[in-house]
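First comes the structure, then the notes that go with it.
Since every read-out is calculated from the coordinates, none of them should be taken as a lab result. These numbers come from a predicted model, not from an experiment. Here Cβ is always computed from backbone atoms with ideal geometry, including for glycine, and neighbour counts include all displayed protein chains.
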Amino acid sequence: MKIYDWVSGLLCLCVGLAFVAGGVRMGLGPLDAPGSGFFPTMIGGILSALSLALLAATALGKMQAMEPRPFWKEPNSWVKVSLVVLSLIFYMAALEYLGYIATTIVFILFLLRFVGKKSWGISLAMALLVSLGSYALFKMALGVYLPRGWM
Amino acid sequence: MVAVDGLMYGFGIVFLPQNLLFCFIGVFVGTLIGVLPGLGPSGALALLLPVTFGLAPATAIIMLSGIYYGAMYGGSTTSILINIPGEAASVITCLDGYQMARKGRAGPALGMAAIASFIAGTISLFGLLFLAPTFANLALEFSSPEYVSLILCGLILVSFLGSGSRLKAFMMACVGLLLGTVGTDPIEGMERFSFGIPYLMDGVGLIPVIMGLFGISEIFSNLEEQHFHGILKEKITNLLPTLQDWKDSTWPIIRGTVLGFFVGVIPGTNTVIASTMSYALEKKVSKHPEKFGTGIIEGVAGPEAANNSGPSGAFIPLLSLGIPTNATMALLLASLMIHGITPGPFLITQSPDIFWSVIASMYIGNVMLLALNLPLVGLWVQVIKIPYAYFFPIILVFCLLGSYCIGSTIFDIGVMLVFGIVGFLMKKFAYESTPLILAFILGPMFEENFRRALVLSFGSFRIFFERPISAAFLVAAMVLLAFTLLPTFRKIRMGA
């Protein structure tokens, strides 16, 4: 799939050039006392050169052809992946307000019910079990800090 | 004998009840995760890292080593029973192991895999025991140029040995190095690429990046398709190999052990390479090479031995030089550093409890694996039957906990999510994540030593070639590079 190589090559080129620009701004320093910007500039330069090589190889059709396949393995598999991403964003937003136990219960309930397609009963039981179980293990047995939120 | 005294000291630590308990938990949970498809040793270690935060350093490292061994072994079980490697290194075991299972010989295949792993693990530990102190002494001669050349050699090797495009692998190594420059400059204290965000002043967190690239992205990929396992119907009986099996397997085990150990020492290699090489070697020396792939025991015994002696080899550069040779070792390094221990030439003298208890715990871990796996095979088979839908939320919670617990900041969860998406895209675009991770971990060390070397040499690059050890590493790296580039040049000339 040529388009994958074009996109990823351009992205890496941008990353490389950004580090070169940032590195030059920080100051390269003399060769016998390289400054903060020396290493990022050097590696950023190498990455840019490699990305250009990839783009050139793609343009000339020299890249080993990946077998043509659609981006998603199944037509609607993007739904599941998106739901998991959304639930992780919810977790980030809620963790410090709702606390570990409540956030984790909601998180697992949602994933099992809507991504795993399990029944409400099983999902709720699993959510309670995992949330309370991991809280007991990490907070009580191992003394790891977990946010309590409003509780 | 320093080694014998040290080992006795190590056993003294391991046999403390809490250490034995955590070694057992490590081996058990490691096997469990290894049996689950999709999560290999790196994933297992990353997931269970937070469990070790509250433990004493020696206990933590004992448990982590146990997880590593367990996950390696668990992967073989699924290879043999359902033809799905639980982790990458077991791909080779599928070839003959699954065929043996189809012929109704799953028992001996599982038994021999366990025994070969045990023998290889035990023998290779002697290698580690005697070579690590030697390496540490050698490493005392190392200064900046040697570290630069060694790391460079390792990074080129890891890109060279990957399965996909080498150009892309080198690109990922560069991205990893660049990622490592984010944060405070180690020499001048200047803030770099942190955009005024306080979190980024210490650099991007290693654990969230690993959790994202190896954990979250794996979950995304697994969720995309429905899993279907062709579960073995037959009951597994008689795990003990026959006398003929023993005869056939003895030499493959010994050859696999030696091969795996030395491959493990080389930076940038991993156990897949060791087991693949062992399989190829056995096929070459065999009197009946045509039978490989039809379910013969040599095809299981050799690669399994190589696969399990590799880690012992890989511990040498980690413990004596502080250089991880693969992603799994990088995680162990990270966990040691979280506990305030910096592996390097002084580890053996300054933290002998860590060094010797790791080695002693491996012996105990190997015994536990043998004791655990043969009787519990039935349990592992049941585990394989549990649908993935029940597992992924739990794995996600562990990833979240692991990322959050290190710094108690939501920002780490964000980093994990971002790298989960990046890792998912990398899979889609056929990029490998191992070069990125290894470069990211070694990056700061590489940069610091590179700049120090240039200061030492008054700005001359000749310093890297004038010192013999450094020159040797560089020559090795260049030979590899030449191998990579030669076919390209030839093609260009042919095309012109």
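The figures follow:
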| read-out | value |
| --- | --- |
| Volume of the Cα convex hull of chain A, divided per residue and given in Å³ | 202 Å³ |
| Shape box of segment B:2-495 [Cα atoms, principal axes, largest first, Å] | 68, 59, 52 |
| Dipole moment magnitude, nearest 20 debye, the protein assembly as shown about Cα centre, only Lys, Arg, Asp, Glu C-beta charged | 1600 debye |
| Relative contact order (percent, whole number), segment B:129-216, Cα cutoff 8 Å, 6+ residue spacing | 15 percent |
| Other-chain or far-sequence residues with amide H under 5 Å of residue A:29's (modelled H) | A:35 |
| Segment B:187-222: chymotrypsin sites (Phe, Trp or Tyr not before Pro) in DSSP coil with no more than 10 other Cβ atoms inside 10 Å | B:195 |
| Average partner coverage of A:44-55, which counts Cβ from other chains inside 10 Å | 4 |
| Set of lysines near residue B:287 by C-alpha distance (under 29 Å), chain-local residues within fewer than 8 positions excluded | B:103, B:247 |
| Residue-wise HN-Hα coupling along segment A:31-43, computed from phi with Karplus coefficients 6.51, -1.76, 1.60 (Hz; x: Gly, Pro) | 5, 8, 8, x, x, 4, x, 4, 5, x, 5, 4, 5 |
| Rg/Rh for the protein assembly as shown, where both radii come from Cα atoms and Rh is the Kirkwood radius | 0.96 |
| Other-chain or far-sequence residues with amide H under 5 Å of residue B:192's (modelled H) | B:183, B:184, B:185 |
| Cα-based reach from residue A:73 at 27 Å (exclusive), listing lysines while leaving out same-chain residues under 8 positions away | A:2, A:62, A:117, A:118, B:168, B:385, B:427, B:428 |
| Whole-Hz ³J(HN,Hα) from phi, Karplus 6.51 cos²θ - 1.76 cosθ + 1.60, for segment B:54-62, glycine and proline x | x, 8, 5, x, 5, 4, 4, 6, 5 |
| Segment A:77-141, Rg to Rh (Cα coordinates; Rh as Kirkwood inverse mean 1/r) | 1.00 |
| Segment B:433-460 versus segment A:83-97: alpha-carbon centroid distance in Å | 37 Å |
| Equivalent ellipsoid dimensions for segment B:285-355 as semi-axes, Å, which come from the Cα gyration tensor, largest first | 37, 11, 9 |
| Taking the convex hull of Cα positions in segment A:2-59, its mean projected area over all directions (nm²) | 3.6 nm² |
| Helix-only mean residue ellipticity at 222 nm for chain B, each DSSP H run of n ≥ 4 adding -39500 (n - 2.57), per residue, nearest 500 | -25000 deg cm²/dmol |
| Candidate aspartates and glutamates - alpha carbon under 14 Å from residue A:80, same-chain residues fewer than 8 apart omitted | B:218, B:224, B:225 |
| In order through segment B:464-470: 3J(HN,Hα) via Karplus (6.51 cos²θ - 1.76 cosθ + 1.60), integer Hz, x for Gly, Pro | 6, 9, 7, 8, x, 5, 4 |
| Chain B, relative contact order in percent, only Cα pairs under 8 angstrom and at least six apart counted | 28 percent |
